[in-house]
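Trainee: Take this structure, written in structure tokens, and hold onto it; I'll ask about it next.
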Amino acid sequence: MTPLIELPPRVVEEIVHRAGRPDFDRWSEQLHRCGYCSRPVRLRGRVIHQSASGRRSAYSTDDEPDRVLLIRCGNRRAAVCPSCSYEYAGDMWQLLYAGAAGGRKGVPESIRSHPLVFATLTAPSFGPVHTTRADRTGGPARCRPAHGTPRLCAHGRPTWCTAIHAEDDPPLGQPICPDCYDYPAHIAFNWHAPELWRRFTITLRRTLAQQAGLTATQFSQRCRVSFVKVAEFQRRGVVHFHALIRLDGPGDFDPPQVSIDAAGLAQAIRQAGQHVRLTVEMPDRPDLALRFGTQLDTQTVNGGPTGQLTPEHAARYIAKYATKSAEDFGLGERRITPETLSLLDVSEHVNRLVHTAWQLGEHDTYDGLRRWVHMLGFRGHFASKSRRYSTTLGAIRRERRTYRQHQAAPDEQDTTLVVSHWEFAGVGYLTAGDTTLARSAAGRARERRQAARDAA
Ligand SMILES: [Zn+2]
Ligand SMILES: [Zn+2]
Ligand SMILES: [Zn+2]
């Protein structure tokens, strides 16, 4: 906990005041209930139970501290709310795992025998950037050794870098020469990435049909491609996709009626990923053919002795990426305007990306891009899935909410009609003192969770 001595006197006063109140225990309980959320939503309202015997007030925030109920903010991003992001990653894992292993959340166990592949589709190069590398033995290697005679670029800068960068080295992800780097193409890739992914799924179906010796129609009558994908920002500020791709039959979760195994699916993914193109217009230069990078990784999951990854590991990989976003580049969550553009405290690289995005957004073909500058032009969903991959995040949340409600009021009868009235009272804690108390309680909860995990 932060020593009180370092806190401003006003905050200390607020903490003392809160701790001295008779309803402090109930306030602490609310903190616990909302998972020590960093900026909970404050609700005011009541719940009325209506049954044959009449109406009675079952709950009212009038009896709560500050007359409000604290509810999780539910933000997915770790930098906004560590607690809610942790819960989100857990829900994501449940969803992913159900679709990979089956036997839970309404997905049958037989799903394990369907071909399933964990795929990573990266972005192509827009110019060399500082990077970490491994040598043949897996040890750290130099960033960009000069091959042959060292040569300067058109801007008089070295085209090589002999440094061995540490994981947190600021130059990582930054171009070796910013003037050589193709910033407009980089932003165009982020902007069009959702469409490129869509094209990829179409190409993949075609490739699979060919592999099975079927027409597209015949194939769609026998096989469905289900997937869940997560977009991740690489250090250089470009999105790439991690996906679990599975073959199903035409009905819900039934086996595919084609003879393609996981290795065949992996091969089709690589082929489709390498061939898919999206030609886009660029202002003041020829059209650009967008494509995925050559680093296209596929790993088969489970599916018998050939599986390279377990369903548990595949689900964990993807869930981990789901809580990261562009805010790691110092851009925050809000839209960027010309006024805030110059105030950003970001790296030279991000600064150039932001300005390029703003300029591109001026052209008709990139209409709307300016609203996504804080996402470096990426407007897609960070996590999305095809309809029948497994359950939904909404269903997982409802299940948990019902469980919590049952814990809170286990004796309620199902025949009772529950009527609730809620109104929004604000976001965040009421005072800086409350925020400090919540933060230190969250820290203690994390330590307890870690200790429990270490003991297990
Ligand atoms: Zn939260
Ligand atoms: Zn370097
Ligand atoms: Zn250059």
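To keep it simple, each residue is scored yes or no on (1) under 20 Å from Gly394 (Cβ atoms); (2) touching a strand residue (DSSP E or B) at 6+ places or on another chain (Cβ under 7 Å); (3) not small (Gly, Ala, Ser).
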residue: Leu43; (1), (2), (3): yes, yes, yes
residue: Arg46; (1), (2), (3): no, yes, yes
residue: Asp62; (1), (2), (3): no, no, yes
residue: Ile71; (1), (2), (3): yes, yes, yes
residue: Ala78; (1), (2), (3): no, no, no
residue: Cys81; (1), (2), (3): yes, no, yes
residue: Tyr88; (1), (2), (3): yes, no, yes
residue: Trp93; (1), (2), (3): yes, no, yes
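Trainee: Report yes if some residue within region 183-198 is open to solvent by 80 Å² or more (accessible area, probe 1.4 Å), in the same structural domain as Thr356 (by TED's automatic domain parsing) and closer than 29 Å to Gly377 by Cα; otherwise report no.
Mentor: Checking region 183-198: at least one residue is open to solvent by 80 Å² or more (accessible area, probe 1.4 Å), in the same structural domain as Thr356 (by TED's automatic domain parsing) and closer than 29 Å to Gly377 by Cα.
Trainee: With the requirement that a residue be within 16 Å of ligand 1 (Cβ to nearest atom) and either open to solvent by 60 Å² or more (accessible area, probe 1.4 Å) or not aliphatic (A, V, I, L, M) (or both), what does region 86-120 give you?
Mentor: Across region 86-120, the qualifying residues are Tyr86, Glu87, Tyr88, Gly90, Asp91.
Trainee: In region 278-287, what residues are touching a Leu at 6+ places or on another chain (Cβ under 8 Å) and either surrounded by 15 or more Cβ atoms within 10 Å (Cβ to Cβ) or without any contact (Cβ under 8 Å) to a residue 60 or more places away in the chain (or both)?
Mentor: Leu278, Thr279, Val280, Met282, listed by residue number.
Trainee: Give me the residue from region 108-145 that is part of a loop (DSSP other than H, G, I, E, B) and small (Gly, Ala, Ser) and, out of that set, modelled with the lowest pLDDT.
Mentor: Gly138
Trainee: What single numbered condition from (1) in a helix (DSSP H, G or I); (2) farther than 19 Å from Glu348 by Cα fails to hold for Gly148?
Mentor: (1)
Trainee: Taking Arg224 as the residue in question, decide whether it is over 30 Å from Gly361 (Cα atoms), touching a Lys or Arg at 6+ places or on another chain (Cβ under 8 Å), open to solvent by 60 Å² or more (accessible area, probe 1.4 Å) and not aliphatic (A, V, I, L, M).
Mentor: Yes; evaluated as a whole, the condition is true for this residue.
Trainee: Further question on the same structure: Hey, Ala357 hits all of (1) in the same structural domain as Ala243 (by TED's automatic domain parsing); (2) farther than 30 Å from Tyr181 by Cα; (3) among the aliphatic types (A, V, I, L, M) but one; which does it fall short on?
Mentor: The one condition Ala357 does not meet is (2).
Trainee: Look at Ala58 and say whether it is among the aliphatic types (A, V, I, L, M), in contact (Cβ under 8 Å) with a residue 12 or more places away in the chain and over 27 Å from Phe227 (Cβ atoms).
Mentor: When the stated conditions are applied, Ala58 passes them.
Trainee: Based on what the data block shows, is Ser83 among the small types (Gly, Ala, Ser) and more than 16 Å from ligand 1 (Cβ to nearest atom)?
Mentor: Here the answer is no, as Ser83 does not meet what is asked.
Trainee: OK, next. Just checking, does region 124-132 include any residue being of a type in the set (Val, Ile, Thr), in contact with a Gly (Cβ under 9 Å, 6 or more places away or on another chain) and within 10 Å of ligand 2 (Cβ to nearest atom)?
Mentor: Yes, some residue in region 124-132 is of a type in the set (Val, Ile, Thr), in contact with a Gly (Cβ under 9 Å, 6 or more places away or on another chain) and within 10 Å of ligand 2 (Cβ to nearest atom).
Trainee: Examine region 30-42 for a residue that is open to solvent by less than 30 Å² (accessible area, probe 1.4 Å), within 13 Å of ligand 1 (Cβ to nearest atom), modelled with pLDDT of 85 or more and on the phi > 0 side of the Ramachandran plot, and state whether such a residue exists.
Mentor: Yes, that holds for at least one residue.
Trainee: Residues of region 121-130 being surrounded by 20 or more Cβ atoms within 10 Å (Cβ to Cβ) and under 23 Å from the mean Cα position of the chain (by Cα), which ones?
Mentor: Hits for region 121-130 are Leu121, Ala123.
Trainee: Now for a different question. From the list His186, His155, His165, which one is part of a loop (DSSP other than H, G, I, E, B) and more than 16 Å from ligand 2 (Cβ to nearest atom)?
Mentor: His155 is the lone residue from the list that is part of a loop (DSSP other than H, G, I, E, B) and more than 16 Å from ligand 2 (Cβ to nearest atom).
Trainee: Now, a different point. What do you reckon, is Leu369 open to solvent by less than 70 Å² (accessible area, probe 1.4 Å) and more than 24 Å from Leu247 (Cα to Cα)?
Mentor: Judged against the criteria, Leu369 is a match.
The values are calculated or read from the model by the stated rules, or taken from the named source; none is laboratory data. Predicted model, so just to flag it, every value in this text is computed and none were measured. Because the Cβ atoms are built from the backbone with ideal geometry, glycine has one as well, and the counts that use them run over all protein chains shown. Heavy atoms of the whole protein, side chains included, go into the accessibility calculation; ligands, DNA and RNA do not. Shrake-Rupley method; radii C 1.70, N 1.55, O 1.52, S 1.80 Å.
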